[in-house]
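J.: The structure is given below, and queries will be raised subsequently.
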Amino acid sequence: MSELERSTFRRAPLDELVGRLRKPPRHLQVVAGPRQVGKTTLVEQALAGIERPHLFVSADEPALRDAAWLAAQWERARLLAADAGRDGAVLALDEIQKVPGWSETVKRLWDEDRRARRPLAVVLLGSAPLLMQQGMTESLAGRFEVLHLPHWSFAEMREAFGFDVDRFLYFGGYPGAAPFAGDPPRWRRYLLDSLVETTIARDVLLLTRVDKPALLRRLFELGCRYSGQVLSYTKMLGQLHDAGNTTTLAHYLELLAGAGMVTGLQKFSGAEVRSRASSPKLQVLNTALSTAQSGLSPEELLGDPELYGRLVESAVGAHLANAAAAGRCELFYWREGNLEVDFVVRAGRRLLAIEVKSARPPTAHSGLASFVDRFPPARPLLVGGGGVPVEEFLARPVEDWLRG
(Lines give C-alpha, C1' and ligand atoms only; values in the text may rest on other atoms or scores of the structure.)
Protein backbone atom coordinates (compact mmCIF):
# COMPACT_ATOMS: atom_id res chain seq x y z
CA MET A 1 0.00 0.00 0.00
CA SER A 2 1.42 3.38 -1.02
CA GLU A 3 1.79 6.32 1.37
CA LEU A 4 -0.94 8.13 -0.58
CA GLU A 5 -3.34 5.23 -0.10
CA ARG A 6 -2.43 4.82 3.57
CA SER A 7 -3.21 8.43 4.34
CA THR A 8 -6.84 7.91 3.33
CA PHE A 9 -7.26 6.43 6.81
CA ARG A 10 -7.12 10.04 7.99
CA ARG A 11 -10.50 10.51 6.38
CA ALA A 12 -11.85 13.09 8.84
CA PRO A 13 -9.13 15.74 8.30
CA LEU A 14 -9.14 15.05 4.56
CA ASP A 15 -12.88 15.63 4.30
CA GLU A 16 -12.58 18.76 6.43
CA LEU A 17 -9.85 20.27 4.24
CA VAL A 18 -11.69 19.42 1.02
CA GLY A 19 -14.81 21.08 2.41
CA ARG A 20 -12.88 24.23 3.28
CA LEU A 21 -11.24 24.45 -0.17
CA ARG A 22 -14.57 24.14 -1.96
CA LYS A 23 -15.81 27.31 -0.28
CA PRO A 24 -14.88 30.90 -1.19
CA PRO A 25 -11.37 31.70 0.15
CA ARG A 26 -12.24 33.67 3.29
CA HIS A 27 -9.30 32.40 5.37
CA LEU A 28 -5.81 31.06 4.90
CA GLN A 29 -5.77 27.32 5.54
CA VAL A 30 -2.89 26.17 7.78
CA VAL A 31 -2.05 22.45 7.98
CA ALA A 32 0.41 21.87 10.84
CA GLY A 33 1.86 18.90 12.65
CA PRO A 34 5.02 16.91 13.38
CA ARG A 35 7.22 15.48 10.65
CA GLN A 36 6.00 12.49 8.65
CA VAL A 37 2.40 12.42 9.79
CA GLY A 38 1.08 12.86 6.24
CA LYS A 39 0.60 16.63 5.85
CA THR A 40 1.89 16.78 2.29
CA THR A 41 0.01 13.66 1.22
CA LEU A 42 -3.21 14.91 2.80
CA VAL A 43 -3.02 18.23 0.95
CA GLU A 44 -2.20 16.46 -2.33
CA GLN A 45 -5.26 14.27 -1.88
CA ALA A 46 -7.42 17.28 -1.04
CA LEU A 47 -6.24 19.09 -4.17
CA ALA A 48 -7.01 15.99 -6.24
CA GLY A 49 -10.50 15.92 -4.74
CA ILE A 50 -11.54 19.39 -5.92
CA GLU A 51 -12.11 20.59 -9.47
CA ARG A 52 -9.90 23.66 -9.30
CA PRO A 53 -6.45 24.29 -10.76
CA HIS A 54 -3.71 24.37 -8.16
CA LEU A 55 -0.03 25.05 -7.61
CA PHE A 56 1.94 23.07 -4.98
CA VAL A 57 5.44 24.31 -4.10
CA SER A 58 7.83 23.62 -1.22
CA ALA A 59 10.33 25.80 0.61
CA ASP A 60 12.12 22.66 1.84
CA GLU A 61 14.78 22.80 -0.87
CA PRO A 62 18.56 23.40 -0.83
CA ALA A 63 18.20 26.66 -2.73
CA LEU A 64 17.51 29.85 -0.79
CA ARG A 65 13.84 30.57 -0.26
CA ASP A 66 13.06 34.17 0.61
CA ALA A 67 10.23 36.69 0.40
CA ALA A 68 10.90 37.28 -3.31
CA TRP A 69 10.56 33.56 -4.03
CA LEU A 70 7.32 33.44 -2.04
CA ALA A 71 5.90 36.43 -3.94
CA ALA A 72 6.85 34.82 -7.26
CA GLN A 73 4.95 31.62 -6.43
CA TRP A 74 1.96 33.67 -5.38
CA GLU A 75 1.98 35.49 -8.74
CA ARG A 76 2.03 32.15 -10.56
CA ALA A 77 -1.04 31.08 -8.61
CA ARG A 78 -2.78 34.39 -9.33
CA LEU A 79 -2.40 33.70 -13.06
CA LEU A 80 -4.00 30.28 -12.57
CA ALA A 81 -6.87 31.87 -10.69
CA ALA A 82 -7.39 34.51 -13.38
CA ASP A 83 -7.52 31.84 -16.11
CA ALA A 84 -9.96 29.72 -14.09
CA GLY A 85 -12.57 32.45 -13.80
CA ARG A 86 -15.09 32.37 -10.93
CA ASP A 87 -13.93 28.98 -9.60
CA GLY A 88 -10.44 30.33 -8.97
CA ALA A 89 -7.37 28.31 -7.97
CA VAL A 90 -5.49 26.99 -4.96
CA LEU A 91 -1.92 27.73 -3.90
CA ALA A 92 -0.29 25.25 -1.48
CA LEU A 93 2.99 26.29 0.17
CA ASP A 94 4.84 23.51 1.98
CA GLU A 95 7.37 24.10 4.81
CA ILE A 96 6.34 27.75 4.88
CA GLN A 97 8.13 28.39 8.20
CA LYS A 98 11.48 28.06 6.39
CA VAL A 99 10.91 31.31 4.48
CA PRO A 100 12.33 34.20 6.57
CA GLY A 101 9.65 36.74 7.41
CA TRP A 102 7.00 34.64 5.68
CA SER A 103 4.05 35.92 7.71
CA GLU A 104 4.55 39.55 6.70
CA THR A 105 4.76 38.60 3.02
CA VAL A 106 1.73 36.33 3.26
CA LYS A 107 -0.27 39.07 4.99
CA ARG A 108 0.54 41.61 2.28
CA LEU A 109 -0.30 39.28 -0.60
CA TRP A 110 -3.40 37.83 1.05
CA ASP A 111 -4.79 41.29 1.83
CA GLU A 112 -4.11 42.39 -1.76
CA ASP A 113 -6.14 39.44 -3.03
CA ARG A 114 -9.01 40.14 -0.70
CA ARG A 115 -9.19 43.78 -1.79
CA ALA A 116 -9.04 42.73 -5.45
CA ARG A 117 -11.57 39.91 -4.80
CA ARG A 118 -9.27 37.34 -6.41
CA PRO A 119 -10.63 33.78 -6.04
CA LEU A 120 -7.34 32.34 -4.80
CA ALA A 121 -7.38 29.92 -1.87
CA VAL A 122 -4.09 29.43 -0.02
CA VAL A 123 -2.92 26.44 2.04
CA LEU A 124 0.17 26.75 4.25
CA LEU A 125 1.93 23.59 5.49
CA GLY A 126 4.48 23.43 8.30
CA SER A 127 6.32 20.68 10.17
CA ALA A 128 6.32 22.20 13.63
CA PRO A 129 3.21 23.96 14.96
CA LEU A 130 5.14 26.03 17.53
CA LEU A 131 7.61 27.29 14.93
CA MET A 132 4.77 28.23 12.61
CA GLN A 133 3.04 30.06 15.43
CA GLN A 134 6.21 32.08 16.00
CA GLY A 135 5.87 33.26 12.40
CA MET A 136 2.15 33.97 12.75
CA THR A 137 2.54 37.43 14.17
CA GLU A 138 -0.40 39.57 15.17
CA SER A 139 -0.55 40.75 11.57
CA LEU A 140 -2.23 37.45 10.60
CA ALA A 141 -4.85 37.57 13.34
CA GLY A 142 -8.29 36.68 12.01
CA ARG A 143 -6.91 35.57 8.65
CA PHE A 144 -6.31 31.83 9.11
CA GLU A 145 -7.80 28.50 10.20
CA VAL A 146 -5.58 25.71 11.50
CA LEU A 147 -5.99 22.01 10.73
CA HIS A 148 -3.72 20.17 13.17
CA LEU A 149 -2.47 16.70 12.20
CA PRO A 150 -1.21 14.78 15.23
CA HIS A 151 0.78 11.54 15.25
CA TRP A 152 -1.05 8.53 13.84
CA SER A 153 -3.30 6.80 16.36
CA PHE A 154 -3.47 3.11 17.18
CA ALA A 155 -6.71 2.82 15.19
CA GLU A 156 -5.04 4.31 12.11
CA MET A 157 -1.91 2.14 12.39
CA ARG A 158 -4.06 -0.95 12.94
CA GLU A 159 -6.17 -0.28 9.89
CA ALA A 160 -3.29 0.73 7.63
CA PHE A 161 -0.59 -1.73 8.74
CA GLY A 162 -2.33 -4.40 10.80
CA PHE A 163 -0.63 -3.37 14.05
CA ASP A 164 -1.83 -5.08 17.21
CA VAL A 165 -1.57 -3.14 20.49
CA ASP A 166 1.88 -4.49 21.44
CA ARG A 167 3.27 -3.68 18.02
CA PHE A 168 1.86 -0.16 18.34
CA LEU A 169 3.32 0.27 21.83
CA TYR A 170 6.81 -0.46 20.50
CA PHE A 171 6.78 0.94 16.95
CA GLY A 172 4.41 3.84 17.63
CA GLY A 173 2.54 5.96 15.12
CA TYR A 174 5.00 6.81 12.33
CA PRO A 175 3.56 5.48 9.03
CA GLY A 176 6.83 6.03 7.15
CA ALA A 177 8.70 3.78 9.58
CA ALA A 178 6.06 1.03 9.68
CA PRO A 179 7.49 -0.95 6.71
CA PHE A 180 10.69 -1.48 8.76
CA ALA A 181 8.88 -3.02 11.74
CA GLY A 182 10.01 -6.49 10.65
CA ASP A 183 13.63 -5.41 11.09
CA PRO A 184 13.85 -3.54 14.45
CA PRO A 185 17.54 -2.48 14.13
CA ARG A 186 16.85 -0.95 10.72
CA TRP A 187 13.64 0.63 12.05
CA ARG A 188 15.58 2.20 14.92
CA ARG A 189 18.27 3.63 12.60
CA TYR A 190 15.61 5.08 10.31
CA LEU A 191 13.73 6.65 13.18
CA LEU A 192 16.78 8.21 14.83
CA ASP A 193 18.37 9.44 11.58
CA SER A 194 15.38 10.43 9.46
CA LEU A 195 12.96 11.60 12.14
CA VAL A 196 14.64 12.53 15.40
CA GLU A 197 17.80 14.10 14.03
CA THR A 198 15.99 15.81 11.15
CA THR A 199 13.36 17.28 13.45
CA ILE A 200 15.89 18.63 15.95
CA ALA A 201 18.42 19.86 13.39
CA ARG A 202 16.06 21.30 10.78
CA ASP A 203 12.84 22.16 12.61
CA VAL A 204 14.24 23.45 15.87
CA LEU A 205 17.93 24.39 15.83
CA LEU A 206 17.91 26.08 12.41
CA LEU A 207 14.66 27.97 12.89
CA THR A 208 14.81 29.36 16.40
CA ARG A 209 17.48 30.61 18.76
CA VAL A 210 18.92 27.83 20.92
CA ASP A 211 21.98 28.92 22.88
CA LYS A 212 22.69 25.44 24.20
CA PRO A 213 21.87 22.89 21.47
CA ALA A 214 23.60 20.07 23.37
CA LEU A 215 21.34 20.75 26.36
CA LEU A 216 18.24 20.61 24.16
CA ARG A 217 19.32 17.26 22.72
CA ARG A 218 20.01 15.84 26.18
CA LEU A 219 16.65 17.14 27.38
CA PHE A 220 14.95 15.24 24.56
CA GLU A 221 16.77 12.06 25.55
CA LEU A 222 15.78 12.64 29.18
CA GLY A 223 12.15 13.11 28.19
CA CYS A 224 12.19 9.81 26.32
CA ARG A 225 13.85 7.98 29.22
CA TYR A 226 11.56 9.39 31.91
CA SER A 227 8.30 9.60 30.00
CA GLY A 228 5.45 9.29 32.49
CA GLN A 229 7.47 10.62 35.43
CA VAL A 230 7.28 13.94 37.25
CA LEU A 231 10.63 15.75 37.44
CA SER A 232 11.34 19.21 38.77
CA TYR A 233 13.39 21.47 36.50
CA THR A 234 16.09 21.55 39.17
CA LYS A 235 16.28 17.76 39.17
CA MET A 236 16.38 17.76 35.38
CA LEU A 237 19.36 20.13 35.41
CA GLY A 238 21.07 17.75 37.82
CA GLN A 239 20.38 14.78 35.55
CA LEU A 240 21.67 16.77 32.57
CA HIS A 241 24.78 17.94 34.44
CA ASP A 242 24.15 21.50 33.38
CA ALA A 243 24.39 24.75 35.33
CA GLY A 244 21.74 26.46 33.23
CA ASN A 245 18.56 28.02 34.55
CA THR A 246 15.11 26.53 34.77
CA THR A 247 13.63 29.16 32.44
CA THR A 248 15.89 27.98 29.62
CA LEU A 249 14.95 24.36 30.29
CA ALA A 250 11.23 25.18 30.27
CA HIS A 251 11.68 27.02 26.96
CA TYR A 252 13.51 24.07 25.39
CA LEU A 253 10.79 21.70 26.56
CA GLU A 254 8.24 23.98 24.90
CA LEU A 255 10.23 23.82 21.64
CA LEU A 256 10.32 20.02 21.78
CA ALA A 257 6.57 19.95 22.40
CA GLY A 258 5.94 22.26 19.46
CA ALA A 259 7.99 19.92 17.26
CA GLY A 260 5.76 17.00 18.30
CA MET A 261 8.40 15.16 20.32
CA VAL A 262 8.24 15.56 24.11
CA THR A 263 5.98 17.72 26.26
CA GLY A 264 5.74 18.58 29.94
CA LEU A 265 2.31 18.16 31.54
CA GLN A 266 1.48 20.57 34.33
CA LYS A 267 -0.16 19.71 37.63
CA PHE A 268 -3.91 20.19 37.85
CA SER A 269 -4.88 22.33 40.79
CA GLY A 270 -7.96 24.23 39.70
CA ALA A 271 -5.80 27.39 39.76
CA GLU A 272 -3.96 28.31 36.58
CA VAL A 273 -1.10 30.09 38.38
CA ARG A 274 -0.30 27.09 40.55
CA SER A 275 -0.48 24.60 37.70
CA ARG A 276 1.98 26.57 35.58
CA ALA A 277 4.43 26.77 38.47
CA SER A 278 4.43 23.00 39.06
CA SER A 279 7.07 20.42 38.20
CA PRO A 280 6.24 18.96 34.77
CA LYS A 281 5.39 15.35 34.03
CA LEU A 282 7.46 14.36 31.00
CA GLN A 283 5.50 12.79 28.16
CA VAL A 284 6.55 11.65 24.70
CA LEU A 285 4.04 12.33 21.94
CA ASN A 286 4.91 9.08 20.15
CA THR A 287 6.10 5.96 22.00
CA ALA A 288 8.44 5.16 19.10
CA LEU A 289 10.67 7.97 20.35
CA SER A 290 11.14 6.24 23.71
CA THR A 291 11.64 2.74 22.37
CA ALA A 292 14.13 3.86 19.71
CA GLN A 293 16.13 5.83 22.29
CA SER A 294 16.16 2.84 24.69
CA GLY A 295 18.05 0.61 22.26
CA LEU A 296 16.10 -2.38 23.59
CA SER A 297 14.51 -4.96 21.32
CA PRO A 298 10.72 -5.54 21.24
CA GLU A 299 11.22 -8.76 23.19
CA GLU A 300 13.24 -7.01 25.90
CA LEU A 301 10.78 -4.14 26.34
CA LEU A 302 7.50 -6.00 25.98
CA GLY A 303 8.71 -8.96 28.03
CA ASP A 304 9.71 -6.94 31.10
CA PRO A 305 6.60 -6.24 33.26
CA GLU A 306 7.93 -2.97 34.68
CA LEU A 307 9.14 -1.60 31.33
CA TYR A 308 5.93 -2.78 29.66
CA GLY A 309 3.86 -0.96 32.28
CA ARG A 310 5.75 2.27 31.69
CA LEU A 311 5.30 1.88 27.94
CA VAL A 312 1.55 1.38 28.35
CA GLU A 313 1.30 4.55 30.43
CA SER A 314 3.34 6.49 27.85
CA ALA A 315 1.05 5.25 25.06
CA VAL A 316 -2.05 6.35 26.97
CA GLY A 317 -0.41 9.71 27.69
CA ALA A 318 0.63 10.17 24.05
CA HIS A 319 -2.94 9.43 22.93
CA LEU A 320 -4.22 12.13 25.26
CA ALA A 321 -1.39 14.59 24.58
CA ASN A 322 -1.99 14.48 20.83
CA ALA A 323 -5.65 15.30 21.39
CA ALA A 324 -4.58 18.21 23.59
CA ALA A 325 -2.09 19.42 20.97
CA ALA A 326 -4.95 19.46 18.45
CA GLY A 327 -6.99 21.67 20.79
CA ARG A 328 -9.62 19.05 21.60
CA CYS A 329 -8.92 19.09 25.35
CA GLU A 330 -6.47 20.15 28.05
CA LEU A 331 -4.21 17.61 29.73
CA PHE A 332 -2.66 17.60 33.23
CA TYR A 333 -1.55 15.24 35.98
CA TRP A 334 -2.44 15.45 39.69
CA ARG A 335 -0.48 14.68 42.83
CA GLU A 336 -1.06 15.46 46.48
CA GLY A 337 1.21 13.74 49.00
CA ASN A 338 1.18 10.02 48.24
CA LEU A 339 -1.95 10.29 46.10
CA GLU A 340 -1.61 10.58 42.34
CA VAL A 341 -3.74 10.56 39.21
CA ASP A 342 -1.84 9.81 36.02
CA PHE A 343 -3.84 12.07 33.71
CA VAL A 344 -6.52 14.71 34.14
CA VAL A 345 -8.41 15.63 30.97
CA ARG A 346 -10.50 18.80 30.82
CA ALA A 347 -12.79 19.95 28.03
CA GLY A 348 -15.03 22.84 29.00
CA ARG A 349 -16.81 21.74 32.18
CA ARG A 350 -16.10 18.07 31.63
CA LEU A 351 -13.33 16.61 33.78
CA LEU A 352 -11.94 13.08 33.49
CA ALA A 353 -9.41 11.54 35.90
CA ILE A 354 -7.49 8.62 34.36
CA GLU A 355 -5.33 6.07 36.12
CA VAL A 356 -3.31 3.58 34.09
CA LYS A 357 -2.77 0.24 35.76
CA SER A 358 0.84 -0.71 35.12
CA ALA A 359 3.70 -2.20 37.08
CA ARG A 360 3.21 0.07 40.07
CA PRO A 361 1.61 -1.12 43.33
CA PRO A 362 -2.22 -1.30 43.15
CA THR A 363 -2.53 1.36 45.87
CA ALA A 364 -1.26 3.94 43.39
CA HIS A 365 -4.71 4.42 41.84
CA SER A 366 -6.34 5.21 45.17
CA GLY A 367 -5.81 8.86 44.12
CA LEU A 368 -8.83 8.57 41.81
CA ALA A 369 -11.35 8.62 44.66
CA SER A 370 -9.65 11.57 46.36
CA PHE A 371 -9.51 13.54 43.13
CA VAL A 372 -13.19 12.95 42.35
CA ASP A 373 -14.13 14.06 45.87
CA ARG A 374 -12.01 17.19 45.61
CA PHE A 375 -12.97 18.23 42.08
CA PRO A 376 -16.61 17.40 41.31
CA PRO A 377 -18.03 16.64 38.78
CA ALA A 378 -14.87 14.75 37.74
CA ARG A 379 -15.37 11.17 36.53
CA PRO A 380 -12.83 8.40 37.22
CA LEU A 381 -11.53 6.01 34.56
CA LEU A 382 -9.17 3.07 35.07
CA VAL A 383 -7.27 1.91 31.99
CA GLY A 384 -5.75 -1.57 32.04
CA GLY A 385 -6.14 -4.33 34.60
CA GLY A 386 -9.76 -4.59 35.63
CA GLY A 387 -10.70 -1.34 33.91
CA VAL A 388 -11.01 -0.43 30.25
CA PRO A 389 -8.66 -2.62 28.17
CA VAL A 390 -5.67 -0.64 26.86
CA GLU A 391 -6.44 -1.67 23.30
CA GLU A 392 -10.01 -0.37 23.57
CA PHE A 393 -8.90 2.92 25.12
CA LEU A 394 -6.31 3.61 22.42
CA ALA A 395 -8.69 2.62 19.61
CA ARG A 396 -11.25 5.30 20.42
CA PRO A 397 -10.87 9.10 20.18
CA VAL A 398 -10.45 10.98 23.46
CA GLU A 399 -13.79 12.73 22.93
CA ASP A 400 -15.57 9.39 23.38
CA TRP A 401 -14.17 8.99 26.89
CA LEU A 402 -15.01 12.56 27.80
CA ARG A 403 -18.64 11.94 26.90
CA GLY A 404 -18.74 8.91 29.18
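J.: Tell me the residue from 233, 190, 226 that is under 25 Å from residue 318 (Cβ atoms), surrounded by 14 or more Cβ atoms within 10 Å (Cβ to Cβ) and in contact with a Phe, Trp or Tyr (Cβ under 7 Å, 6 or more places away or on another chain), please. If you could, list the steps in order and put the result at the bottom.
T.: Values: 233 fails: in contact with a Phe, Trp or Tyr (Cβ under 7 Å, 6 or more places away or on another chain); 226 fails: in contact with a Phe, Trp or Tyr (Cβ under 7 Å, 6 or more places away or on another chain).
When all the criteria are applied, what remains is 190.
J.: From 275, 297, which residue is modelled with pLDDT of 95 or more and either farther than 25 Å from residue 192 by Cα or not aromatic (Phe, Trp, Tyr) (or both)? Even if it seems obvious, please write down each step before you answer.
T.: Working: 275 fails: modelled with pLDDT of 95 or more.
Every option except 297 fails the conditions.
J.: To continue, here is another question. Please give the number of the condition residue 244 fails out of (1) in a helix (DSSP H, G or I); (2) surrounded by fewer than 19 Cβ atoms within 10 Å (Cβ to Cβ).
T.: If we test residue 244 against (1) in a helix (DSSP H, G or I); (2) surrounded by fewer than 19 Cβ atoms within 10 Å (Cβ to Cβ), just (1) comes out false.
J.: Name every residue in segment 12-53 that is outside any helix (DSSP H, G or I) and hydroxyl-bearing (Ser, Thr, Tyr), in order of residue number.
T.: Initially, segment 12-53 is screened for residues outside any helix (DSSP H, G or I), giving 22-38, 49-53.
Matches in segment 12-53: none.
J.: Given (1) β-branched (Val, Ile, Thr); (2) assigned to a helix (DSSP H, G or I); (3) over 24 Å from residue 208 (Cβ atoms), identify the lone condition not met by residue 106.
T.: Residue 106 satisfies every listed condition except (3).
J.: While we're here: How do the pairs read when you match residues in segment 40-52 that are of a type in the set (Ser, Thr, Tyr) with residues anywhere that are part of a helix (DSSP H, G or I), using Cβ under 6 Å and keeping only pairs 6 or more apart or on different chains?
T.: Taking only residues 6 or more apart or on different chains, the pairs are 41/3; 41/4; 41/7.
J.: Please determine whether any residue of segment 360-370 is without any contact (Cβ under 8 Å) to a residue 40 or more places away in the chain, crowded, with 24+ Cβ neighbours inside 10 Å and part of a helix (DSSP H, G or I). Walk me through how you get there before you give the answer.
T.: If we filter segment 360-370 for residues that are without any contact (Cβ under 8 Å) to a residue 40 or more places away in the chain, which is where we start, we get 361-370.
Keeping just the survivors that are crowded, with 24+ Cβ neighbours inside 10 Å gives 365.
Narrowing the set further to residues that are part of a helix (DSSP H, G or I) leaves 365.
Checked segment 360-370: at least one residue is without any contact (Cβ under 8 Å) to a residue 40 or more places away in the chain, crowded, with 24+ Cβ neighbours inside 10 Å and part of a helix (DSSP H, G or I).
J.: A further question on this structure: Any residue in segment 268-283 that is of a type outside the set (Phe, Trp, Tyr), over 30 Å from residue 375 (Cα atoms) and assigned by TED's automatic domain parsing to the domain that holds residue 334?
T.: Applying the first criterion (of a type outside the set (Phe, Trp, Tyr)) to segment 268-283 yields 269-283.
Keeping just the survivors that are over 30 Å from residue 375 (Cα atoms) gives none.
Taking every residue of segment 268-283 in turn, none turns out to be of a type outside the set (Phe, Trp, Tyr), over 30 Å from residue 375 (Cα atoms) and assigned by TED's automatic domain parsing to the domain that holds residue 334.
J.: Would you check which residues across segment 207-220 are loosely packed, with under 15 Cβ neighbours inside 10 Å and assigned to a helix (DSSP H, G or I) and list them?
T.: So in segment 207-220, the residues loosely packed, with under 15 Cβ neighbours inside 10 Å come out as 209, 211, 213-214.
213, 214 - these are the residues of segment 207-220 that are loosely packed, with under 15 Cβ neighbours inside 10 Å and assigned to a helix (DSSP H, G or I).
Per-residue answers, yes or no, for (1) of a type in the set (A, V, I, L, M); (2) over 22 Å from the mean Cα position of the chain (by Cα):
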position: 232; (1), (2): no, yes
position: 287; (1), (2): no, no
position: 294; (1), (2): no, no
position: 302; (1), (2): yes, yes
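J.: Next question. Which residue pairs have Cβ atoms under 6 Å apart, sit 6 or more places apart or on different chains, and have a first residue in segment 240-252 that is without any contact (Cβ under 8 Å) to a residue 40 or more places away in the chain and a second that is surrounded by fewer than 16 Cβ atoms within 10 Å (Cβ to Cβ) and part of a loop (DSSP other than H, G, I, E, B)?
T.: none
J.: Among the residues of segment 333-350, which ones are touching a Lys or Arg at 6+ places or on another chain (Cβ under 7 Å) and buried (at least 21 other Cβ atoms within 10 Å of the Cβ)?
T.: 333, 334
J.: Would you check which residues across segment 294-322 are of a type in the set (A, V, I, L, M) and either assigned to a helix (DSSP H, G or I) or not assigned by TED's automatic domain parsing to the domain that holds residue 171 (or both) and list them?
T.: Restricting attention to segment 294-322, the residues satisfying the condition of being of a type in the set (A, V, I, L, M) are 296, 301-302, 307, 311-312, 315-316, 318, 320-321.
Passing the criteria: 301, 302, 307, 311, 312, 315, 316, 318, 320, 321.
J.: Which pairs have Cβ atoms under 6 Å, sit 6 or more apart or on different chains, and link a residue in segment 1-22 that is modelled with pLDDT of 90 or more to one that is not hydrophobic (A, V, I, L, M, F, W, C)?
T.: The qualifying pairs are 14/45; 18/49; 20/29.
J.: Tally the residues that are in a helix (DSSP H, G or I) and either within 19 Å of residue 9 (Cβ to Cβ) or among the hydrophobic types (A, V, I, L, M, F, W, C) (or both), restricting the search to segment 159-186.
T.: Taking segment 159-186 first, the residues in a helix (DSSP H, G or I) are 159-161, 165-171, 178-180, 184-186.
Right, trim to either within 19 Å of residue 9 (Cβ to Cβ) or among the hydrophobic types (A, V, I, L, M, F, W, C) (or both) and you get 159-161, 165, 167-169, 171, 178-180.
Final tally of qualifying residues: 11.
J.: Test each condition in (1) in a loop (DSSP other than H, G, I, E, B); (2) under 19 Å from residue 142 (Cα atoms) for residue 65 and report the one that comes out false.
T.: Single failed check for residue 65: (2).
J.: Can you tell me which residue within segment 73-128, out of those that are surrounded by 21 or more Cβ atoms within 10 Å (Cβ to Cβ), within 32 Å of the chain's Cα centre (by Cα) and small (Gly, Ala, Ser), is modelled with the lowest pLDDT?
T.: 128
J.: Still on this model: Test of understanding: among 249, 253, 216, 222, which residue is under 21 Å from the mean Cα position of the chain (by Cα) and more than 22 Å from residue 292 (Cβ to Cβ)? Step through it out loud before you land on a result.
T.: On the way: 253 fails: more than 22 Å from residue 292 (Cβ to Cβ); 216 fails: more than 22 Å from residue 292 (Cβ to Cβ); 222 fails: more than 22 Å from residue 292 (Cβ to Cβ).
When all the criteria are applied, what remains is 249.
J.: Oh, and also: Given the criteria within 21 Å of the chain's Cα centre (by Cα) and either buried (at least 22 other Cβ atoms within 10 Å of the Cβ) or in a helix (DSSP H, G or I) (or both), does residue 147 qualify?
T.: Numbers: within 21 Å of the chain's Cα centre (by Cα): yes; either buried (at least 22 other Cβ atoms within 10 Å of the Cβ) or in a helix (DSSP H, G or I) (or both): no.
Judged against the criteria, residue 147 is not a match.
The values are calculated or read from the model by the stated rules, or taken from the named source; none is laboratory data. Everything numeric here is computed off the predicted structure, so don't read it as measured data. Neighbour counts run over all protein chains shown; Cβ positions are idealised from the backbone, glycine included.
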